[in-house]
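The next block holds one structure in the form of structure tokens; read it before the comments.
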Amino acid sequence: MLEKLKQRTLISIAFAGLLYLAITIYIDFDLLLLSFRKFNLLLIPFLLLLSLGNYLVRYIKWNYYISILNIDLHKKDSLMIFMSGLLMSVTPGKIGELLKAYLVKTVNKTPVSVTAPIIFAERATDFLSLTILALIGAYIYDYGRNAALIITIVILIGIFILTNRKLFDSIMKFLSKIKFVEKRIESIERLYHSTYTLLKIKPLIIAIIISVLSWGFECYGYYLVINNFNNTIDVSWSFFSYSFSTIVGAVSMLPGGLGVTEGSFLLMLTSKGLSANDAAATTFITRVATLWFAVIVGILAIIFFQRRFGKINFNNNT
């Protein structure tokens with residue numbers, strides 16, 4: 001499985017390379033180079049620190065979920081596992097972050113069916129926090145209002161269905177007649193119990209607050225990059241633009257939202273008066289400081305994990 005994840009990550013990187021090459025050719029390399037020369041390189045360490053701040057605050061949410069499910073995991077191991085999951089940022093919908101559930105299994109034998117819902121809860125609360133930011137901006141700037149509203153409603157409906165015990169029992173009563181499901185009843189029950197526990201009102205609200213704070217770091221980093229090229233754009237629009245573009249990219253289910261997120265950035269930035277080359281430079285710098293920096297951090301974390309615990313075994317992880 002790890003080899004497949006590596007292959008998919010490499011494919012995503014290759015796809016990103018072709019995408020960025022196409023944008024560079026379309027914009028004109030010389031103009032793009034001119035924009036990069038205007039960028040203040042002293043901002044780069046600060047941008048990376050803001051992205052790291054995002055990861056560390058999201059780690060707090062991950063650890064909060066770990067504690068809710070009473071999973072015995074040392075904080076250092078928990079941090080290493082969480083950071084390893086960042087390698088999967090370039091998988092569709094970040095579904096590859098299920099890797100974290102396998103890593104927990106490697107450390108303390110906790111069944112994947114217990115920890116996998118954490119990854120779902122993380123994504124759901126990340127989506128909700130970003131859609132909240134996007135929805136506020138959509139109404140302020142009258143842009144993408146319907147899209148942001150529909151995404152928010154769909155997520156809330158999904159959470160309602162998953163936390164409806166009676167509905168789950170009714171579905172399982174029907175599906176248990178199927179042999180494939182019958183053999184996996186225990187795992188499905190564990191999976192649902194963890195999901196139900198994590199999505200209760202109190203943990204849900206706490207996780208959303210943590211998520212808004214964590215994504216606020218990257219939103220602010222995006223504002224700093226924009227401000228380097230155009231200091232007339234306010235911070236609230238930057239928060240809205242980053243949130244909206246990230247959500248649109250995630251909904252596309254493309255690896256890392258590649259192509260869709262970049263296209264949304266370019267469209268929204270040029271609509272605010274940035275030249276195509278400045279918009280492209282802003283997009284490239286932002287994606288390197290967020291998406292690709294996350295992949296690098298994930299690669300380093302997985303290397304340290306394997307040095308500590310040995311080769312990851314994906315067999316019998318249920």
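Tabulated data for the structure shown
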read-out: Selection from segment 74-92 of residues that are outside any helix (DSSP H, G or I) and surrounded by 18 or more Cβ atoms within 10 Å (Cβ to Cβ); value: Thr91
read-out: Residue within segment 217-235 that is over 26 Å from Leu31 (Cα atoms) and of a type in the set (Gly, Ala, Ser) present; value: no
read-out: Subset of segment 30-51 [over 14 Å from Asn227 (Cβ atoms) and of a type in the set (D, E, K, R)]; value: Asp30, Arg37
read-out: Inter-residue pairs, beta-carbon under 6 Å, first among the charged types (D, E, K, R) and in segment 139-157, second open to solvent by less than 90 Å² (accessible area, probe 1.4 Å), 6+ apart; value: Arg145/Ala138
read-out: Segment 227-266, residues that are farther than 27 Å from Leu42 by Cα, without any contact (Cβ under 8 Å) to a residue 40 or more places away in the chain and surrounded by fewer than 20 Cβ atoms within 10 Å (Cβ to Cβ); value: Ser252, Val260
read-out: Complete set of residues in segment 105-118 that are more than 13 Å from Leu69 (Cα to Cα) and part of a helix (DSSP H, G or I); value: Lys105, Thr106, Val107, Asn108
read-out: Filter result for Met88 (at pLDDT 90 or above, within 23 Å of Phe217 (Cα to Cα) and among the aliphatic types (A, V, I, L, M)); value: no
read-out: Close pairs (8 angstrom Cβ cut-off, 6 or more residues apart or separate chains): touching a residue at least 60 places away in the same chain (Cβ under 8 Å) in segment 106-124, of a type in the set (Asp, Glu) and crowded, with 20+ Cβ neighbours inside 10 Å anywhere; value: Glu122/Glu97
read-out: In segment 267-286, the residues that are farther than 15 Å from Tyr242 by Cβ and open to solvent by 40 Å² or more (accessible area, probe 1.4 Å); value: Thr270, Gly273, Ser275, Ala276
read-out: Checklist (1) in a helix (DSSP H, G or I); (2) open to solvent by 10 Å² or more (accessible area, probe 1.4 Å); (3) within 18 Å of Ala279 (Cα to Cα) applied to Leu213, failing item; value: (3)
read-out: Selection within segment 60-86 - under 16 Å from the mean Cα position of the chain (by Cα) and closer than 12 Å to Lys100 by Cα; value: Trp62, Ile81, Phe82, Met83, Ser84, Gly85, Leu86
read-out: Leading residue by the ranking (modelled with the highest pLDDT) among those in segment 138-166 that are over 13 Å from Ile247 (Cα atoms) and open to solvent by less than 70 Å² (accessible area, probe 1.4 Å); value: Tyr141
read-out: Matching residues, segment 101-137, being within 19 Å of Val212 (Cβ to Cβ) and surrounded by fewer than 19 Cβ atoms within 10 Å (Cβ to Cβ); value: Arg123, Ile132, Ile136
read-out: Residue in segment 176-183 that is surrounded by 11 or more Cβ atoms within 10 Å (Cβ to Cβ), part of a helix (DSSP H, G or I), β-branched (Val, Ile, Thr) and at pLDDT below 70 present; value: yes
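Conditions tested, residue by residue: (1) aromatic (Phe, Trp, Tyr); (2) in contact with a Gly (Cβ under 8 Å, 6 or more places away or on another chain).
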position: Val225; (1), (2): no, no
position: Asn228; (1), (2): no, no
position: Ser236; (1), (2): no, yes
position: Tyr242; (1), (2): yes, no
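The values are calculated or read from the model by the stated rules, or taken from the named source; none is laboratory data. These numbers come from a predicted model, not from an experiment. Please note: Cβ atoms are built from the backbone with ideal geometry, for glycine as well, and neighbour counts cover all protein chains shown. The accessibility values were calculated without ligands, DNA or RNA, using every heavy atom of the protein model including side chains. Shrake-Rupley method; radii C 1.70, N 1.55, O 1.52, S 1.80 Å.
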